[in-house]
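Asks: Okay, here's the structure, questions in a sec.
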Amino acid sequence: MRYLPLSAADRAAMLERIGASAVDDLFRDVPASVLLKKPVDLPGHASEMEVERDLVGMAARNVPAGAVPFFVGAGAYRHHVPATVDHIIQRGEFLTAYTPYQPEISQGTLQYLFEFQTQVALLTGMEVANASMYDGSTAAAEAVLMARRITKRKKAVISGGLHPHYADVIGTVTRFTDDDIVRAPVDVTGSEDLVSLVDEDTSCVVVQNPSLFGHVRDLRPLADAVHQAGGLLIVVVTEVVSLGAIVPPGEMGADIVVCEGQSIGNGLNFGGPYLGLFATRQKYVRQMPGRICGQTVDADGRRGFVLTLSTREQHIRREKATSNICTNSGLCALAFTVHLALLGEAGLRRLAQINHTRAAMLVDKLAAVPGVEVVNDTFFNEFTVRLDRPAAPVIEELARRKVLAGVPVSRLIPGDERLASLMLVASTEVNREADQDVFAATLSEVLS
Amino acid sequence: MMNRQGRPTAPGEATAGATTAMTFTGHRGLEHEEPLLFELGDPGRSGVDLPVMASASNRLGGLERTQAIGLAGLSEPEAVRHFTRLSRKNYAIDMGIFPLGSCTMKHNPRLNEKMARLPGFADIHPLQPESTVQGALQVMDVLGHWLRTLTGMPAVALSPKAGAHGELCGLMAIRAALEARGDARSVVLVPESAHGTNPATAALCGYQVKSIPANDRGRVDLGALREELGPDVAAFMLTNPNTCGLFEDAILEIADAVHGAGALFYCDGANFNAIVGKVRPGDLGIDAMHINLHKTFSTPHGGGGPGSGPVVFSEALAPYIPVPNVVHGPDGLRLVEQVNETDASFGRLTAFHGQMGMYVRALAYMLSHGADGLRRVAEDAVLAANYVLAGLSEELTPSFEGPCMHEALFDDRFLKGTGVTTLDFAKAMIDEGFHPMTMYFPLVVQGAMLIEPTESESKRTLDEFIAAMVSLARAAKSGDVERFKRAPALAPVRRLDETTAARRPVLRWLPEESEEAAR
């Protein structure tokens with residue numbers, strides 16, 4: 001077998017050195033009744049060529065986003081990732097390294113994590129960031145737990161504009177703690193009043209910007225009200241490219257910012273692996289979950305980097321840790337860091353502007369289709385349209401006609417008749433005007 | 001990892017003093033000093049060519065970002081060089097044996113990478129219509145089938161993002177099942193040798209954690225366990241093989257005792273590599289077990305993730321598993337994404353469907369090995385660990401009698417009186433060209449050294465590793481303390497001051513002026 005270097009002769013020599021007559025002697029602590037005598041009922045080994053053929057066959061049953069006009073978003077976005085990014089993350093020194101427990105031979109990983117933390121802090125307008133979480137949704141749940149530790153209050157208010165899967169993850173993770181999760185009604189128009197839900201028991205308010213439905217909101221009045229009541233404002237950003245165009249959450253008074261970082265450097269990958277960004281104020285750093293990289297010096301006084309503040313973490317604190325997280329999204333963080341280094345400030349701003357412009361063009365094209373009404377006044381690169389009929393079957397029909405049009409809100413929030421006609425539509429730099437025209441024309445055909 | 005008496009976190013005085021040749025540039029041959037991205041780049045530079053587009057009417061609601069962000073940009077050649085130079089400061093499994101115990105650093109096949117990058121897998125959106133992702137759902141379905149068959153467990157939840165996330169998934173299902181029978185209970189029992197994620201996860205599920213001691217054979221003290229197993233105990237969390245590298249030979253009695261007390265049995269599957277294809281956890285009476293695809297099934301660790309931690313479940317817990325799930329429908333495969341009021345599922349653990357990129361890699365690995373090859377994987381991994389145990393037993397001090405499973409545990413008794421600590425020993429291994437083993441874990445022995453060679457190493461590599469370890473042990477005993485205290489002398493940096501890093505945290509780059517101001 002191509003992955004196993006030991007030959008039969010090696011095995012025999014090793015058994016002899018050990019003083020065992022057969023490999024099953026080494027399994028003698030396993031009760032005989034449960035030690036399998038033969039392989040389980042699954043296919044036998046296969047050559048590289050055969051495995052490749054099988055998997056290429058499965059991949060061929062999917063419609064890749066790049067093959068059709070594509071406008072699907074709702075928390076995951078298709079952007080162009082430069083070839084350099086994938087080249088760097090496939091270097092074995094990054095790809096096949098472990099968590100940097102031995103810093104002297106992990107400075108490559110540690111230095112890029114330090115650069116990553118700096119980029120995340122700058123982008124979100126916050127003071128510090130950690131070395132990544134699994135994804136945006138789990139980061140949001142960790143933020144709620146962190147707010148509870150800081151405020152020692154149990155009530156979390158969840159905006160009706162937060163991605164419902166994020167709200168579900170928060171609800172699940174707090175299910176067996178005695179937290180009180182208050183979900184505001186679904187906010188299609190971006191006009192909800194969260195301030196009225198905030199009181200002296202409120203630990204935090206969780207709000208997404210731009211919201212699930214695409215609205216861009218000034219969060220400063222909300223931040224003021226939450227702070228007045230002694231709570232924290234948690235801002236969720238699911239499209240991190242928007243931070244190249246919009247006032248960052250840190251400037252609007254956020255105490256914790258969590259983002260889905262997939263848009264920069266990482267592909268769609270059917271939902272994972274993705275990249276959770278987590279940033280906060282310096283004063284809360286010791287309550288932050290996850291790995292943190294810090295700068296220090298070596299025995300010769302030269303700059304170097306280490307994992308630090310580990311007394312927050314499970315391997316030291318066990319049941320008193322700030323989080324149970326161990327493995328995070330290191331390689332996705334590297335992809336993010338490389339892509340953002342390539343973009344730079346000027347590139348990110350231009351990329352954000354192109355996204356916004358593309359979406360603005362698409363809004364106008366779709367608004368002109370009979371049976372389509374645009375819900376948004378404000379948006380970044382994603383917005384909501386109301387169709388004159390249920391959206392899900394329309395989207396299915398568009399897929400049959402080779403247009404991947406958007407996300408039916410009913411898939412995210414089923415069972416609410418008033419939402420059935422809504423569709424979320426995203427447009428990024430990868431959409432050409434011709435793609436948008438095909439989308440508008442095909443939608444027009446389907447609706448007529 | 002740190003044990004209870006703590007390991008030194010600052011370089012001692014003995015380690016100071018430059019050992020490296022000074023050069024004009026600071027570079028040392030192929031070893032380049034590399035500035036931070038922010039010291040190299042500037043805000044105006046970019047390595048991406050983007051079209052200039054006329055701005056359409058702005059619909060940002062007056063919330064345009066006006067202040068400078070402060071990001072640095074690099075041209076493409078500069079970026080490639082920066083990150084390539086950084087990469088060369090890392091040790092990696094591609095470069096040599098990576099014997100971190102309980103981490104299973106095995107070879108990461110490149111076929112897996114190639115398959116995960118097929119546009120049909122890498123370029124599909126989690127919310128595309130199901131009719132356009134039947135192949136992706138097939139990958140999930142087939143992977144689930146392999147995991148269920150290899151473990152002999154009837155249900156699987158694929159979505160957890162890593163091992164600790166899988167633990168959370170397993171314990172939440174346990175709690176949901178107990179609540180459904182009207183008896184949530186309050187305590188989770190965890191052996192003292194357990195990984196820190198176990199107690200941290202139990203606490204996250206609202207449970208009080210009680211520790212179960214090990215016996216002098218490095219296994220769970222069955223008597224102590226029986227004593228703690230009362231009507232308040234929700235679950236027992238056990239790693240098997242355990243973190244001492246030993247198979248819990250009383251596992252069937254343990255399972256009976258746990259179930260007899262009305263509790264459920266969670267297994268941390270971090271060490272599944274030792275028994276894959278040889279033992280089915282379902283036959284051991286386990287109710288839930290997470291599987292680290294980034295350990296047993298060869299997906300790369302990536303410098304700390306992404307991982308993937310699917311969980312397999314017994315019949316008793318199957319109704320409670322989280323969404324999403326792939327099911328067979330009349331028109332092909334479909335996803336169950338919502339929890340209806342009548343469902344027992346405990347909820348949702350992540351926004352989308354889990355780590356698809358890792359599913360593809362793990363499936364490529366499983367298909368390559370097949371049922372016969374995976375069995376061989378476990379046998380070779382256990383053989384290699386026992387070979388290391390045999391080769392080191394005379395010079396180092398094994399903590400427990402063998403045979404071991406996939407990893408061999410030593411403690412620091414062989415260093416007694418030498419002035420050399422486990423940490424010093426590990427750092428000297430770096431100079432010899434090896435990544436050190438896991439040190440100071442598990443906590444049940446003093447100055448632990450936990451060595452997991454995996455099935456990926458040739459006999460030649462194992463022999464070289466053993467010879468180097470023996471030579472270091474002899475050097476320590478012969479009184480050559482200085483060599484250990486100043487190690488590593490040949491790494492890109494020398495020992496780093498972790499104490500100062502924690503006391504005065506510098507967690508991001510700041511321009512010099514603001515750095516001054518911050519002080």
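The values are calculated or read from the model by the stated rules, or taken from the named source; none is laboratory data. What you see is a predicted model, and the numbers here were worked out from it, not measured in a lab. When we count neighbours, we look across all protein chains shown, and the Cβ atoms used for this are built from the backbone with ideal geometry, even at glycine.
Asks: Would you kindly identify the helices (runs of 4 or more DSSP H) lying entirely within region B:186-304 that contain at least 2 residues that are at negative phi and either facing chain A (nearest Cβ under 10 Å) or aromatic (Phe, Trp, Tyr) (or both)?
Replies: B:197-204, B:251-260
Asks: Name the one entry in A:272, A:304, A:290 that is within 7 Å of chain B (Cβ to nearest Cβ), closer than 19 Å to residue A:98 by Cβ and touching a residue at least 60 places away in the same chain (Cβ under 8 Å).
Replies: A:304
Asks: Quickly run through region B:305-315 and pick out the residues that are buried (at least 24 other Cβ atoms within 10 Å of the Cβ), part of a loop (DSSP other than H, G, I, E, B) and touching a Phe, Trp or Tyr at 6+ places or on another chain (Cβ under 9 Å).
Replies: Hits for region B:305-315 are B:305, B:306, B:307, B:308, B:310.
Asks: Report yes if some residue within region B:417-424 is in a loop (DSSP other than H, G, I, E, B) and free of Cβ contacts under 8 Å to residues at least 24 places away in the same chain; otherwise report no.
Replies: There is at least one residue in region B:417-424 that is in a loop (DSSP other than H, G, I, E, B) and free of Cβ contacts under 8 Å to residues at least 24 places away in the same chain.
Asks: A further question follows. Quick test of your reading of the structure: residue A:116 fulfils all but one of (1) within 25 Å of residue B:510 (Cα to Cα); (2) within 8 Å of another protein chain (Cβ to nearest Cβ). Name the failing condition by number.
Replies: Of (1) within 25 Å of residue B:510 (Cα to Cα); (2) within 8 Å of another protein chain (Cβ to nearest Cβ), only one is false for residue A:116: (2).
Asks: Let me ask something else about it. Check whether at least one residue in region B:101-124 is crowded, with 23+ Cβ neighbours inside 10 Å, modelled with pLDDT of 95 or more, facing chain A (nearest Cβ under 7 Å) and over 23 Å from residue A:274 (Cα atoms), and report yes or no.
Replies: Within region B:101-124, not a single residue is crowded, with 23+ Cβ neighbours inside 10 Å, modelled with pLDDT of 95 or more, facing chain A (nearest Cβ under 7 Å) and over 23 Å from residue A:274 (Cα atoms).
Asks: If we scan region B:317-338, do we find a residue that is under 17 Å from the mean Cα position of the chain (by Cα) and in the same structural domain as residue B:126 (by TED's automatic domain parsing)?
Replies: No: region B:317-338 contains no residue that is under 17 Å from the mean Cα position of the chain (by Cα) and in the same structural domain as residue B:126 (by TED's automatic domain parsing).
Asks: Filter region A:307-328 down to residues that are within 7 Å of chain B (Cβ to nearest Cβ) and in contact with a strand residue (DSSP E or B) (Cβ under 8 Å, 6 or more places away or on another chain) and give me whichever is surrounded by the most Cβ atoms within 10 Å (Cβ to Cβ).
Replies: Within region A:307-328, the match that is surrounded by the most Cβ atoms within 10 Å (Cβ to Cβ) is A:328.
Asks: Identify all residues within region B:226-254 that are more than 26 Å from residue B:104 (Cβ to Cβ) and in contact with a Leu (Cβ under 7 Å, 6 or more places away or on another chain); write none if there are none.
Replies: Hits for region B:226-254 are B:228, B:233, B:234, B:253.
Asks: Give the residue that is surrounded by the fewest Cβ atoms within 10 Å (Cβ to Cβ), with candidates limited to residues of region A:68-116 that are within 15 Å of residue B:300 (Cβ to Cβ) and of a type in the set (D, E, K, R).
Replies: By that ranking, first place goes to A:86.
Asks: So for region B:469-490 (the condition being surrounded by fewer than 22 Cβ atoms within 10 Å (Cβ to Cβ), hydroxyl-bearing (Ser, Thr, Tyr), in a helix (DSSP H, G or I) and over 25 Å from the mean Cα position of the chain (by Cα)), does at least one residue qualify?
Replies: Scanning region B:469-490, I find at least one residue that is surrounded by fewer than 22 Cβ atoms within 10 Å (Cβ to Cβ), hydroxyl-bearing (Ser, Thr, Tyr), in a helix (DSSP H, G or I) and over 25 Å from the mean Cα position of the chain (by Cα), so the answer is yes.
Residue-by-condition table, conditions (1) facing another protein chain (nearest Cβ under 7 Å); (2) of a type in the set (D, E, K, R):
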{"position": "A:57", "(1), (2)": "no, no"}
{"position": "A:61", "(1), (2)": "yes, yes"}
{"position": "A:66", "(1), (2)": "yes, no"}
{"position": "A:70", "(1), (2)": "no, no"}
{"position": "A:77", "(1), (2)": "no, no"}
{"position": "A:86", "(1), (2)": "no, yes"}
{"position": "A:89", "(1), (2)": "no, no"}
{"position": "A:93", "(1), (2)": "yes, yes"}
{"position": "A:97", "(1), (2)": "yes, no"}
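Asks: Select from region B:129-149 the residues that are surrounded by fewer than 24 Cβ atoms within 10 Å (Cβ to Cβ) and either at the interface with chain A (Cβ under 7 Å from one of its Cβ atoms) or free of Cβ contacts under 8 Å to residues at least 60 places away in the same chain (or both) and list them in ascending order.
Replies: Within region B:129-149, B:129, B:131, B:132, B:134, B:135, B:138, B:145, B:146, B:149 qualify.
Asks: Determine which single condition residue B:393 fails, assuming it passes every other condition in (1) within 11 Å of chain A (Cβ to nearest Cβ); (2) among the small types (Gly, Ala, Ser); (3) buried (at least 24 other Cβ atoms within 10 Å of the Cβ).
Replies: Here residue B:393 clears every test but (3).
Asks: Can you name every residue in region A:120-156 that is under 20 Å from residue A:199 (Cα atoms), of a type outside the set (D, E, K, R), more than 9 Å from chain B (Cβ to nearest Cβ) and touching a residue at least 60 places away in the same chain (Cβ under 8 Å)?
Replies: Selection gives A:143, A:144, A:146, A:147, A:150, A:151.
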